[in-house]
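What follows is a set of notes on a single structure, which appears directly below.
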Amino acid sequence: MLAVSGMLLSLFRFQRLARHLGRHMSESGAVEPARARQAGDRIGWAVTRVATVLPWHPVCLPQAVAAKLMLRRRGIPSTLYMGIDSRGYDAHAWVRVGDRIVTGGPSTDRYSVVSTFS
């Protein structure tokens, strides 16, 4: 899924891909059943692990898109966040399931959220 998300991000404008990520500017619930949290943790681990061994080392956005699509396919509510730091020099993307950050964490608090998809 990391290869697919990277290819989609390079071939299409983000606006076109965003339609498949969920509702714009909405968030999933902060409390999810244990089954959903466990699946989110497993998917987050898998995406992060695979990203470290791929020759092109996907950054946070392809990782977040891959995790979001994998979670959505399994029917697990999640939110993809896109943020920017206070200086405007650094952007970041991460995914949350329930109260856990599954990709792009753990230090997301330095970013101001500019867009969400759930």
The condition from (1) in contact (Cβ under 8 Å) with a residue 24 or more places away in the chain; (2) more than 19 Å from Met1 (Cβ to Cβ); (3) of a type in the set (A, V, I, L, M, F, W, C) that Ile43 misses is numbered (2)
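For residues that are touching a residue at least 40 places away in the same chain (Cβ under 8 Å) and more than 12 Å from the chain's Cα centre (by Cα), scanning just segment 86-99, find the one that is surrounded by the most Cβ atoms within 10 Å (Cβ to Cβ). First the steps, then the outcome.
Going through segment 86-99, the residues touching a residue at least 40 places away in the same chain (Cβ under 8 Å) turn out to be 95-99.
Now restrict to residues that are more than 12 Å from the chain's Cα centre (by Cα): 98-99.
Details: Gly98: 20, Asp99: 10.
Filtering first and then ranking leaves Gly98.
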Selection from segment 13-23 of residues free of Cβ contacts under 8 Å to residues at least 40 places away in the same chain and surrounded by 12 or more Cβ atoms within 10 Å (Cβ to Cβ) yields Phe14
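Look through segment 52-66, keep the residues that are free of Cβ contacts under 8 Å to residues at least 60 places away in the same chain and part of a helix (DSSP H, G or I), and return whichever of them is farthest from the chain's Cα centre (by Cα).
Among residues in segment 52-66 that are free of Cβ contacts under 8 Å to residues at least 60 places away in the same chain and part of a helix (DSSP H, G or I), the one farthest from the chain's Cα centre (by Cα) is Val53.
Of the residues Arg49, Arg110, which is out of contact with any helix residue (DSSP H, G or I) (no Cβ under 8 Å at 6 or more places or on another chain), basic (Lys, Arg) and at pLDDT below 95?
Values: Arg49 fails: at pLDDT below 95.
Exactly one residue qualifies, and that residue is Arg110.
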How many residues of segment 52-84 are out of contact with any Leu (no Cβ under 7 Å at 6 or more places or on another chain) and either closer than 17 Å to Gln15 by Cβ or of a type in the set (Val, Ile, Thr) (or both)? The answer is 8
Item to complete: Test Ser26 against the criterion of being in contact (Cβ under 8 Å) with a residue 12 or more places away in the chain, among the small types (Gly, Ala, Ser) and either over 19 Å from Ser118 (Cβ atoms) or exposed (fewer than 12 other Cβ atoms within 10 Å of the Cβ) (or both), and give yes or no.
Response: yes
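Listed here are the residues, each with its yes/no results for (1) part of a loop (DSSP other than H, G, I, E, B); (2) more than 13 Å from the chain's Cα centre (by Cα); (3) crowded, with 19+ Cβ neighbours inside 10 Å.
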| site | (1), (2), (3) |
| --- | --- |
| Ala36 | no, yes, yes |
| Ile43 | no, no, yes |
| Val50 | no, yes, no |
| Arg72 | no, no, no |
| Ile84 | no, yes, no |
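The values are calculated or read from the model by the stated rules, or taken from the named source; none is laboratory data. Not measured: the values here are computed from a predicted model. Every residue, glycine as well, gets a Cβ built from its backbone with ideal geometry; the counts of neighbours run over all protein chains shown.
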